[in-house]
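Taken together, the values in this text are just the output of simple stated rules run on the coordinates, not laboratory data. Quick caveat, the model's predicted, so the values are computed rather than measured. All Cβ positions, even for glycine, are placed from backbone atoms using ideal geometry, and neighbour counts span all protein chains on display.
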Amino acid sequence: MSLPSADDLFSTQASRDDAQREKVQEIPLALIDPFPEHPFHVREDDAMTAMAESVKALGVLTPAVARQKEDGRYELVSGHRRKRACELAGLETLPVLVREITHDEAVVFMVESNFQRETILPSEKAFAYKMRLDAMKRQAGRPSKNSFPVGIHLQGKQSLDELGEQVGDSRNQIHRFIRLTALIPALLELVDDGKIAFRSAVELSYLQEKEQATLLETIEAEAATPSLAQAQKMKLFSQEGKLTPEVIQSVMMEEKPNQVEHFKIPKTKISKFFAPGTSMQKVEDTIVKALEQYRKRQRDKER
C-alpha cells in the first residue's frame, strides 16, 4: 500500500487544485520551437517593427500558448509573431501559457487563433484548412488520406461540412483553398501577390508539377498570367496528356477579352543596354523615357 506524500498530507485541496491550473510562465526563447509546418507567415514588415517597439516598451501583454514536448522543450501553438517581436526587442523570455493538449488539439487551436487576424493570405488559408481538416479526421477516428482532390470521398464529406460550419466557408470553398496546396511554391506566391486570380489558381493546381514549372517559365517570359478560361483550357489539356510546353505557350499567347495590346521586343536586342537583373518595369520605364526624348528632339528639328 502506497503512503500519501508530505505535500498531500499538509496541503489543502484548494492549493492542490491551484497547482493543476494553467499558469503563465516566463520561458526562454531558446527553448521555444515553432509549430511544425506552421502555415502562417511571420512577416518582417512595418507592423512587426511597431510590435517590437511596443513589446520593448510595455512587454508582451497577451501570453503565447505552447505545449511541452517530451524532450523538455516547448512547441509554440499561438504567438509566433509575439516571439519574433521579443527577439527583435532584445528580450530573452516570452510569457507562455503551457497547456497539456494533443498535437491535433494544438492544430485546431493554432488555426482558430490565427484566423482572427485581419489579413490572411490564400496560401496561409489553404495549408491551415488542410492541417485542420486532417486533424479533425484523426480526432474522429478516421485516418487521414493525403490525396487530391480532398473532400470528394465519403469520409471527407462530414469533416468538410463540420469545418465549414466552424469557419463560415462553404465546403466547396474549403475544397478550393485546399487545392492550392498542390501548386508549386512560385505559383502559389503569385496567388498571394494577387497576380494570379484565386479561381484560375484552383484550375492550375490540377497541372502536374513539371507542367506548372513550364507554365511559370512562360509567365515570366511573357510577363502575363493566365485567365480563368486559359487555366481551364490548360487543365483539360493536362488531363488528356497533351499539355506540352508548346501548347502552354500557345494558350498563353491567346488574346484575352479587354486585353491591352502589347508591343514586344526580343530580350536579346535590348539586354546589352541594361545591367543584369534589371526589372522589367525599369526596362519599360527607361524605354518609354528614351522615346519621349527622341520625340522631343524630332519636334525641335522640325521647328
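Assorted remarks:
- Taking 7 Å steps out from each Cα toward its Cβ at K56 and T244 produces label points 6.0 nm apart.
- Antiparallel bridges, percent of DSSP beta bridges restricted to the range 22-102 (to nearest 5): 65
- As a calculated quantity, the FRET efficiency between D161 and A229 at R0 = 41 Å, using C-beta atoms, amounts to about 0.85.
- A convex hull fitted around the alpha carbon atoms of the range 22-102 yields 89 Å³ per residue.
- Available extension along the chain between N172 and I270 is 30.6 nm, counting 0.36 nm per residue and deducting the alpha carbon span.
- Filter on K23/K137; K210/K235; K195/K269; K233/K269; K69/K125; K137/K235 - keep pairs with C-alpha separation over 23 Å: K23/K137; K195/K269; K233/K269; K69/K125; K137/K235
- Cβ-derived FRET efficiency at R0 41 Å, D285 paired with I101, nearest 0.05: 0.15
- Packing-based order for 72-84, 96-108, using average beta carbon neighbours within 10 Å, highest first: 72-84, 96-108
- Using a Förster distance of 51 Å, the FRET efficiency for M253-R138 (Cβ separation, nearest 0.05): 0.65
- Mean separation of Cα contacts under 8 Å (6+ apart) over length of the range 199-253, as relative contact order %: 48
- Separation of the E217 and R117 label points, Cα + 7 Å toward Cβ, nm: 3.4
- Take each peptide in 284-290, 58-64, count the other Cβ atoms within 10 Å of every residue, and average; sorted highest first, the result is 58-64, 284-290.
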